[in-house]
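Notes follow once the structure below has been shown.
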Amino acid sequence: MGGGGGGLQAAPKVKRGSFATVRKKKKRVGFVLDMTPLVDIAFLLLTFFMLSTTLTTPQTMEMSVPPETENVEVKQSELLTVLVRDDGQIFKYMGDKKTNPPEKVALKDLRALSINENLRMENKLIVSLRISNKVPYGLVINLLDQLNIAETDITQRLSAKGMKRERKFALTPLTNEDMEDLKAL
Amino acid sequence: MSKIKKKRVGFVLDMTPLVDIAFLLLTFFMFTAKFKSDTENEQKFQIKRPMASADTSKVPDKDLAMIKIGIDTVTNDTAYYYSLSNEQDRKVVYNSDKVQLSDEARQKVILKVTDLKVLEALLKQTRMANLRMKFAIDADKRVQYKWIEDLTNVMRLSNATVFNFVTDRPS
């Protein structure tokens, strides 16, 4: 005999504030609104917006190239050359390639290599990347990503020593001579 | 009359909490929704971006010059696609005398560029039109590095020496 909505029962029990002589009942008790259409529309819109939003926004990797006019001279002994062959194999050599012939490196070892060499040379190292034209762009980004991850480590360790990190890094084209060298490896 | 009544007549469920949650989610998704821009509508290729480790920097919305390198889904050929986020700059740059384009191409939002000379002129005009312009390279991970190398050389010639590679975070 609970809620007030009914009206099916003939005479309601005597309620608070009502007199037996007054026939009019208070109907405002337990007011119910049918919310079904509202919910229908709400869910329709909800599903629409849920499906139309893209939650994965792309991010960026900043790069800079030296301006055309600038010509930088580097000492060969401070140069770490990383070469990428047509088939995506990575090689590196330190300084002069006649005394230090190119060695093969795996992509995942590149980070450790960059950290070690940079800390050994203490900011003097310049990494020269020579990438073959035929390599897919995805690999180049993976390679740059490894160097970027290494970068945070290097900055941290150098600042512990009280040094400020200056990044030196160059993208240079792969020459025919390099390609000949790499073919045999 | 029996005391046991049928209570199933006019069954009422309190939907208020449900509606509360539904509207909360609705407003959330409404505010976060970002719709496809004109540029994306005209695009006839899909870019599979390379993955890079998590980084907080996002692609800027304003003053952005986007250079896409995409592989056409139908013809399978690679080309540069140039677009500017700013409509005003777009009008100035696309209609410049220094850029050699057909009249039809000047009306478009996204330009298909196959000639590096045209791309260089576009980049130069963009730099002149708006100095705050940022450059982003959005390339498919399958394209050969040659495309990127040529592009960075052209960018260097047009003094756009700082640019961003658009990447996806690994899921």
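Laboratory data are not the source of any read-out in this text; all were calculated from the coordinates shown. No experiment lies behind these values; they were computed from the predicted model shown. Cβ coordinates were reconstructed from backbone atoms using ideal geometry, including for glycine residues, and neighbour counts include every protein chain displayed.
Worth a mention:
- Shape analysis of chain B places it in the prolate category; the axes a ≥ b ≥ c from the Cα gyration tensor give an a/c of at least 1.5, with a/b above b/c.
- The HN-Hα couplings worked out from phi for the stretch B:130-136 by the Karplus form 6.51 cos²θ - 1.76 cosθ + 1.60 (θ = phi - 60°) are 8, 6, 7, 4, 9, 10, 10 Hz, whole numbers, x standing for Gly and Pro.
- Placing unit charges on the Cβ atoms of the charged side chains and taking the dipole of the stretch A:33-185 about its Cα centre, the candidate lying farthest along the positive direction among A:Asn116, A:Leu182, A:Thr60 is A:Asn116.
- Simple rule: put +1 on each Lys or Arg Cβ and -1 on each Asp or Glu Cβ in the stretch A:76-183, find the dipole, and look at A:Met94, A:Met163, A:Leu107; the Cα lying farthest toward the positive end is A:Met163.
- Sites excluded, chymotrypsin sites (Phe, Trp or Tyr not before Pro) in DSSP loops with at most 13 other C-beta within 10 Å, longest stretch of chain B: B:36-171
- Three-way shape label, the stretch A:66-135, alpha-carbon gyration tensor, a/c 1.5: oblate
- Judged by the mean number of other Cβ atoms found within 10 Å, the most tightly packed of the peptides A:100-107, A:115-122, B:12-19 leads the ranking A:115-122, A:100-107, B:12-19.
- Order by protection proxy (mean Cβ within 10 Å, highest first), peptides A:156-163, B:62-69: B:62-69, A:156-163
- Based on alpha-carbon atoms, the Kirkwood radius and the radius of gyration of the stretch A:76-183 give Rg/Rh equal to 0.97.
- Remark: for residue pairs A:Lys124/B:Lys124; B:Lys44/B:Lys124; B:Lys48/B:Lys134, the C-alpha separation exceeds 28 Å in A:Lys124/B:Lys124.
- Toward the positive end of the charge dipole of chain B, with +1 on the Cβ of Lys and Arg and -1 on the Cβ of Asp and Glu, the farthest Cα among B:Met128, B:Phe28, B:Asn164 is that of B:Phe28.
- Between the Cα long axis of helix B:145-157 and the first principal axis of chain B there is an angle of about 70°, rounded to the nearest 10.
- Averaged over the residues of B:58-66, the number of partner chain Cβ atoms lying within 10 Å of the residue Cβ comes to 1.
- Compared with the dominant principal axis of the Cα atoms in chain B, helix B:116-129 is inclined by about 70°.
- Taking the stretch B:38-165 and dividing mean pair separation by its residue count, relative contact order in percent (alpha carbons under 8 Å, at least six apart): 31 percent
- Unit charges on C-beta of K, R, D, E only; dipole of the stretch B:38-165, Debye: 300 debye
- Inter-chain Cβ neighbour average for residues A:127-133, partner chain, 10 Å: 2
- Inter-chain neighbour count for A:39-52: the average number of beta-carbon atoms from partner chains within 10 Å of each residue's beta-carbon is 5.
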